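Participant: Just passing along the structure, written as structure tokens.
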Amino acid sequence: MLPDLWAIKANRAVLMAEWNAYYRNEDEDEEQEEGEQSEGTYKITGRDSLVFLVDASKEMFMEGEDGQPSSFDMTMQVVRSVYTSKIISSHRDLVALVFYGTEQSKNPRNSFKHVYVYHDLDEPGAKRVQDVDALRGEKGAQLAAQTMGSGETSLGDALWCCANLYSDIKLRLSHKRLMIFTCRDEPHGGDSTKDRQARTKASDLKETGVVIDLMHLMKPGGFDVSLFFCDVVSPPEDESEMGLQLKPCDKMEDLKKRVRAKEQKKRAMARLNLCLGEGINVAVGIYATSVSARKPGAIRLYRETNEPVRSKTRTFHTQTGSLLLPSEIKKAQIYGKKKIVMERDEVDVIKKFDDPGLFLIGFKPMERLKLHHHIRAAVFVYPEEDDVKGSACLFSALLTKCSEKNVFALCRFISRRNYPPRFVALVPQKEVVDDGKVQVTPPGFNVIFLPYADDIRTLDPPHHPSASQTQVDKMKEIVSKLRFKYRSDAFENPVIQQHYRNLEALALDMMAPEEAEDLIMPKVEQIDARLGPLVQEFKDLVYPGGYNPESKPAAKRKTADTGGGAEKKPKVEVPEDELRAHVQNGTLGKLTVPVLKEACKQFGVRTTGTKKQELIEALIARLGS
């Protein structure tokens, strides 16, 4: 029995490609870029890893004020949230859960006392989510006390144990992060020997590339990070990342926000040079600040073993049936009834305009940039100091001056090799942080893709009676009543949310999936309460008396000719003279597939397929001679 199934597809020997096969649709390019950003770079650079190092002392299990959950319960909720998000977005990442300050010990080779490895470094799964769920709430605290207990604390041993977890992994790791959750600012109670050992081990971990973060929680009397932890945690990796927070977390949302800001690794779609002039280059990274969330594609399985199957495409000659190698396949374009055949290297030369990069053309005032110039999702530009020294300084100076003068930089942008150039506007954006010093908006340039002259269409809108000033004023009142502060992060996609809730229910053996709230449904009762009589007043101004816009229009009477049946679609016939003119001018491609099919029937042309290019070739062979 074969573990893989090979799907073999026979294609034509000579691929007749239209010009847009060389320069593909921009929407397809965007999807490819997004996919490569989330998967391609992921495969090349390795996997991300995250270790949760959680304090299991008695102080962590004390309930907060006003019925607030304990620090341990808050931590478990955050761990569960990260587990489920990793399963959805980055299932190949490695995650571990380790407790320190426990009475019982459980770790590889049991080399360290009072350290309990609850989960080894491995991919998150349904079983792990269930394990963390069991540690939540009052029953979870009782289970933790029975399983692990609370004992002496040696953070140095815990860090050493985490280092062993990393060393046991044979996979290539692109990013290693360790998060410490505790409510004690002096974990060793002033024991200088244990403090020194912990600082030494933390330094060793940081030298091996492990980033150590502190997620400190509220405790009576406050949390002073300067007593111990300021020497343990890692400095910010770059200017955009927040450093050690002095204020402890006292709410669940604050803790989730800090963890989310730390554990999400920023990946560049591309790293390019921003050329400001001859010999003046700034290294920048291109980032996607928002990517359309989609349901994952279905994985095909072999029905007898449930093993994933792979498909492989092979190209055969239609006449001889022989297998064709890539070097034997050419591409062609019909121009003036002639078939222009090109080699692959010739196509590559035609496609290449210049090397990838951003090339500064000039500056324009911000008022010259219009809303209708946004033809696709923007990307974000941020300096890469590691590639070219001084990039951050020069980039910051450019950003500051563009903001002061209220101008945008006009550039030519080639994102990748063999990609067509685009004109873009670099719009400056200042940094914004919230009250907790967590970055809300990063500093940098938003890259707005500008349309070419070919992309702009001249519309001929239909003419309708214009509204009177009284009607306009009444609608302004309605609009002002319905205004609200929009935040994109406040609205989740209900289809995707319900999809993952269904998967979660199946994976965790739940009785029924949790219902996803559709946040994009209008709140009719609240809207009616806000508007009051304004809607009826507007209807009275716009519609004639006795007219109800919500009533259904009267059904059209059926004609006697049709006999009550559905109308037949009219035949799409093209006169022979017009068809021959299309063949001579090479403009058959402008006709639709139904028209081409009808023309083939009209002239008795037999075709081997129903694709548009095949129909065109068959008509040319018949009428072009």
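The values are calculated or read from the model by the stated rules, or taken from the named source; none is laboratory data. Please read these numbers as outputs of a predicted model, since none were measured by experiment. Counting neighbours? That spans all protein chains shown, and the Cβs are built from the backbone with ideal geometry, glycine included. Areas reflect the complete protein model, heavy atoms only, side chains present, ligands, DNA and RNA absent. Shrake-Rupley method; radii C 1.70, N 1.55, O 1.52, S 1.80 Å.
Participant: Working only within segment 445-461, note down all residues that are surrounded by 10 or more Cβ atoms within 10 Å (Cβ to Cβ) and either polar (S, T, N, Q) or not in a loop (DSSP other than H, G, I, E, B) (or both).
Facilitator: Passing the criteria: F445, N446, V447, I448, F449, D455.
Participant: Filter segment 273-317 down to residues that are among the β-branched types (V, I, T) and loosely packed, with under 12 Cβ neighbours inside 10 Å, then give me how many there are.
Facilitator: Of the residues in segment 273-317, 4 are among the β-branched types (V, I, T) and loosely packed, with under 12 Cβ neighbours inside 10 Å.
Participant: Just to be sure I understand the filter: pairs with C-beta atoms under 7 Å, separated by 6 or more residues or on different chains, first member in segment 390-414 and over 14 Å from L272 (Cα atoms) and touching a residue at least 24 places away in the same chain (Cβ under 8 Å), second member crowded, with 19+ Cβ neighbours inside 10 Å and polar (S, T, N, Q). Which pairs pass?
Facilitator: none
Participant: Do any residues in segment 302-314 that are under 30 Å from L324 (Cβ atoms) and among the aromatic types (F, W, Y) have Cβ atoms under 8 Å from those of residues that are open to solvent by less than 90 Å² (accessible area, probe 1.4 Å) and not in a strand (DSSP E or B), where the two are at least six apart or on different chains, and which pairs are they?
Facilitator: Y302/P3; Y302/L5; Y302/V309
Participant: Among (1) modelled with pLDDT of 90 or more; (2) over 23 Å from A507 (Cα atoms); (3) among the hydrophobic types (A, V, I, L, M, F, W, C), where does I44 come up short?
Facilitator: Evaluating I44 over (1) modelled with pLDDT of 90 or more; (2) over 23 Å from A507 (Cα atoms); (3) among the hydrophobic types (A, V, I, L, M, F, W, C) leaves (1) as the failure.
Participant: Also, quick follow-up: So which residues in segment 388-408 are in contact with a Pro (Cβ under 7 Å, 6 or more places away or on another chain) and part of a helix (DSSP H, G or I)?
Facilitator: S391, A392, F395, L399, C402, S403
Participant: Still on this structure, I have one more. Can you confirm whether segment 561-584 contains a residue that is among the aliphatic types (A, V, I, L, M), open to solvent by 50 Å² or more (accessible area, probe 1.4 Å) and either modelled with pLDDT of 80 or more or touching a strand residue (DSSP E or B) at 6+ places or on another chain (Cβ under 8 Å) (or both)?
Facilitator: no
Participant: Also: Counting only residues that are small (G, A, S) and open to solvent by less than 30 Å² (accessible area, probe 1.4 Å), which one in segment 401-435 is farthest from R260 (Cα to Cα)?
Facilitator: A409
Participant: Taking interchain pairs and intrachain pairs at least six residues apart, which have beta carbon atoms under 9 angstrom, with the first residue in segment 158-174 and basic (K, R) and the second open to solvent by 20 Å² or more (accessible area, probe 1.4 Å) and part of a strand (DSSP E or B)?
Facilitator: If the second residue must be open to solvent by 20 Å² or more (accessible area, probe 1.4 Å) and part of a strand (DSSP E or B), the pairs left are R172/R47.
Participant: If E138 meets every condition in (1) modelled with pLDDT of 90 or more; (2) farther than 26 Å from I88 by Cβ; (3) open to solvent by 20 Å² or more (accessible area, probe 1.4 Å) apart from one, which number is that one?
Facilitator: Here E138 meets the rest and fails (1).
Participant: Would you confirm whether or not segment 357-372 contains a residue that is small (G, A, S), part of a strand (DSSP E or B) and touching a Cys at 6+ places or on another chain (Cβ under 7 Å)?
Facilitator: For segment 357-372, residues small (G, A, S), part of a strand (DSSP E or B) and touching a Cys at 6+ places or on another chain (Cβ under 7 Å): present.
Participant: Looking at segment 374-387, is at least one residue part of a loop (DSSP other than H, G, I, E, B), among the β-branched types (V, I, T), open to solvent by 50 Å² or more (accessible area, probe 1.4 Å) and farther than 30 Å from A332 by Cβ?
Facilitator: Within segment 374-387, one or more residues are part of a loop (DSSP other than H, G, I, E, B), among the β-branched types (V, I, T), open to solvent by 50 Å² or more (accessible area, probe 1.4 Å) and farther than 30 Å from A332 by Cβ.
Participant: While we're looking at this one, here's another question. Determine which member of the set S90, S111 is in contact with a Phe, Trp or Tyr (Cβ under 9 Å, 6 or more places away or on another chain) and under 17 Å from H175 (Cα atoms).
Facilitator: S90
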